[in-house]
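To keep things clear, I will list the structure first and then write my remarks on it.
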Amino acid sequence: MSFSNIMDSNSYSPDHPVDPVTGSMIAARARMLGPAYRLFYDQPVNLVRGEGTRLYDIDGACFLDAYNNVACVGHCHPHVVEAASRQLATLNTHTRYLHRGIIDYSERLLATLPDKVDQVMYACTGSEVNDLALRVAAMHTGATGVVITRDAYHGNTATTTAISPSIGGATIAGPHVRIVAPPDSYRIPADELANRFTADVSAAIADLQSAGFGMSALIVDTIFSSDGIYPDPLVLAPAVAAVHRAGGMFIADEVQPGFARTGEAMWGFSRHGVLPDIVTMGKPMGNGLPIAAMAAQAGVLEAFANDIPYFNTFGGNPVTMAAAAAVLDVIEDDGLLDNAASVGGLLRAELTGMTEDHPRIGEVRGAGLYIGVEVVTESGAPDRTGAKSLVNAMRERRVLISVCGHDGSVLKIRPPLVFSRSDVDWFCTEFAAALASSF
Ligand code: PMP
């Protein structure tokens with residue numbers, strides 16, 4: 001099976017001519033950071049400042065950010081900057097001292113989750129909390145088998161790399177890992193999505209059991225971002241039931257859909273009507289500060305937590321807790337869940353209207369401010385080249401997006417949650433022009 005490579009799908013390649021300043025920075029990175037790093041776009045962007053949904057480059061040119069979910073409440077949101085700066089100027093230690101910040105934040109965060117998901121542990125990255133979640137699931141179940149989707153991305157530690165085939169290159173799924181097709185709503189009829197996914201997960205469980213690994217966990221990004229953005233709701237419920245029947249855990253990876261992104265719920269799993277055993281989250285949690293969390297049902301956490309002490313030097317420190325609390329303030333006070341629903345709905349409707357009869361756009365889909373646009377060839381096959389040229393045409397017009405999916409053929413539109421109606425107009429004007437120039 002060939003896998004897409006999420007890192008290379010929209011990356012700069014050295015055969016593209018660039019201006020001297022850009023060229024010297026690229027060379028300095030290559031010299032000192034080595035060859036593993038990737039830059040976006042044929043013409044890399046050299047950013048120096050951000051504000052809301054706007055990013056500014058070294059020449060003062062203004063870009064519309066339709067890509068960055070980390071800055072969920074907008075780049076450099078003053079409330080977050082103020083809260084983090086104030087805490088940084090007051091005290092920043094770690095979780096081996098008492099501090100009110102982690103207690104107050106945990107109370108607020110847990111209140112957004114189902115009652116049964118009642119404990120939370122902190123780290124700095126999504127990779128770390130997924131790594132932790134796998135350990136917790138293995139301790140609870142006594143099994144190690146993990147089921148993932150075909151182009152999953154769950155992190156860059158040794159353990160999470162083994163469940164992240166979309167990294168590409170020399171990455172291989174671990175021997176204890178079984179891969180299922182994602183619920184591809186573009187190619188599979190809606191009424192078959194849940195059944196097919198469940199049948200695949202059930203077969204994977206049986207295979208793990210007969211291979212002696214047993215069933216530890218199904219881990220899913222509940223908006224299937226790297227797989228190509230599949231937003232159909234209620235698809236996961238029967239598969240999760242099958243996992244539970246086999247004694248396994250369901251880990252909802254909310255790094256992408258979490259924190260109101262889908263406009264319908266704070267968490268992506270809620271749209272599927274499932275109760276996760278473990279929930280992981282990160283990216284938007286601190287609007288750019290490194291803070292991530294793993295929440296779990298206390299009974300699931302018990303075997304791990306009773307036996308193994310946990311310490312993470314930076315995870316849950318007072319500064320990141322202050323930032324994370326400020327992010328929740330803004331999501332709540334500025335109604336960003338509703339904004340994601342209404343502005344995301346508007347953007348989807350505009351894009352659908354604009355591309356309905358376009359032979360190279362197969363579908364516009366999404367939930368809230370997570371939108372995928374399926375780029376296809378004349379014959380309807382996934383079109384990696386077409387998607388890449390659209391992304392670069394948008395970049396030339398100073399609108400930032402990227403691609404995802406098995407073939408790198410799905411445009412990934414995932415702006416800060418503060419995206420406005422006038423940002424939608426701006427985006428659509430440039431998208432119409434990019435479409436005209438690309439095909
Ligand atoms: N899970 C998902 C679904 C992700 O998209 C990512 C990051 N792209 C991760 C986990 C890993 O997060 P981090 O980069 O913070 O380690």
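Structure notes:
- Under the condition of being within 19 Å of Ser85 (Cβ to Cβ) and under 14 Å from the mean Cα position of the chain (by Cα), the residues counted in the stretch 277-287 number 2.
- When Thr320, Thr313 are checked against the criterion of being among the hydroxyl-bearing types (Ser, Thr, Tyr) and farther than 23 Å from Asp221 by Cβ, Thr313 stands alone in meeting it.
Yes or no, residue by residue, for (1) acidic (Asp, Glu); (2) more than 23 Å from Ile251 (Cα to Cα); (3) under 25 Å from the mean Cα position of the chain (by Cα):
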position	(1), (2), (3)
Ala84	no, yes, yes
Asp104	yes, yes, no
Ala123	no, no, yes
Gly126	no, no, yes
Ala137	no, no, yes
Thr144	no, no, yes
Thr149	no, no, yes
Ile163	no, no, yes
Gly169	no, yes, yes
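So that you can scan it fast, the table gives a plain yes or no per residue for (1) closer than 27 Å to Glu192 by Cβ; (2) touching an Asp or Glu at 6+ places or on another chain (Cβ under 6 Å); (3) of a type in the set (Ser, Thr, Tyr):
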{"residue": "Ile229", "(1), (2), (3)": "yes, no, no"}
{"residue": "Leu234", "(1), (2), (3)": "yes, no, no"}
{"residue": "Ala246", "(1), (2), (3)": "yes, no, no"}
{"residue": "Phe250", "(1), (2), (3)": "yes, yes, no"}
{"residue": "Pro257", "(1), (2), (3)": "yes, no, no"}
{"residue": "Phe269", "(1), (2), (3)": "yes, no, no"}
{"residue": "Met281", "(1), (2), (3)": "no, yes, no"}
{"residue": "Ile291", "(1), (2), (3)": "no, no, no"}
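- For the stretch 175-217, residues that are of a type in the set (Val, Ile, Thr) and assigned to a helix (DSSP H, G or I) total 3.
- For the stretch 363-372, the criterion of being over 28 Å from Ala190 (Cα atoms) and surrounded by 20 or more Cβ atoms within 10 Å (Cβ to Cβ) is met by no residue.
- In the stretch 277-299, the residues that are among the aromatic types (Phe, Trp, Tyr) and within 10 Å of the ligand (Cβ to nearest atom) never reach a residue that is in a helix (DSSP H, G or I) and modelled with pLDDT of 95 or more with C-beta atoms less than 6 angstrom apart, at least six apart or across chains.
- Flag for Arg187 being farther than 26 Å from Val70 by Cα, free of Cβ contacts under 8 Å to residues at least 12 places away in the same chain and among the basic types (Lys, Arg): yes
- Cβ-Cβ distances below 9 Å connect the following pairs, each with a first residue in the stretch 378-394 that is on the phi > 0 side of the Ramachandran plot, a second residue that is surrounded by 18 or more Cβ atoms within 10 Å (Cβ to Cβ) and part of a strand (DSSP E or B), and a separation of six or more residues or different chains: Gly380/Gly362.
- Residue check for Leu328: surrounded by 16 or more Cβ atoms within 10 Å (Cβ to Cβ) and in the same structural domain as Asp232 (by TED's automatic domain parsing): yes
- Contact map, the stretch 235-259: first residue at positive phi and in contact (Cβ under 8 Å) with a residue 60 or more places away in the chain, second residue within 16 Å of the ligand (Cβ to nearest atom) and part of a helix (DSSP H, G or I), Cβ cut-off under 6 Å, separation 6 or more or different chains; pairs are Phe259/Pro284.
- Verdict on Ala158 being within 15 Å of the ligand (Cβ to nearest atom) and either on the phi > 0 side of the Ramachandran plot or free of Cβ contacts under 8 Å to residues at least 12 places away in the same chain (or both): yes
- Selection from the stretch 223-249 of residues that are closer than 21 Å to Ser342 by Cα and within 15 Å of the ligand (Cβ to nearest atom): Ile223, Ser225, Ile229, Tyr230, Pro231
- Matching residues in the stretch 161-175 - criterion: being at positive phi and within 11 Å of the ligand (Cβ to nearest atom): none
- Subset of the stretch 86-144 (residues that are within 16 Å of the ligand (Cβ to nearest atom) and out of contact with any strand residue (DSSP E or B) (no Cβ under 7 Å at 6 or more places or on another chain)): Ser127, Asp131, Arg135
- Complete set of residues in the stretch 33-63 that are under 21 Å from Phe259 (Cβ atoms) and either of a type in the set (Phe, Trp, Tyr) or touching an Asp or Glu at 6+ places or on another chain (Cβ under 6 Å) (or both): Thr53, Leu55
- Meets criteria (in contact with a Leu (Cβ under 9 Å, 6 or more places away or on another chain) and away from the ligand (no atom under 13 Å from the Cβ)) for Ala252: no
The values are calculated or read from the model by the stated rules, or taken from the named source; none is laboratory data. Worth saying up front: this structure is predicted, and the values here are computed from it rather than measured. Don't worry about glycine lacking a Cβ; one is built from the backbone with ideal geometry, like all the others, and counts go over all protein chains shown.
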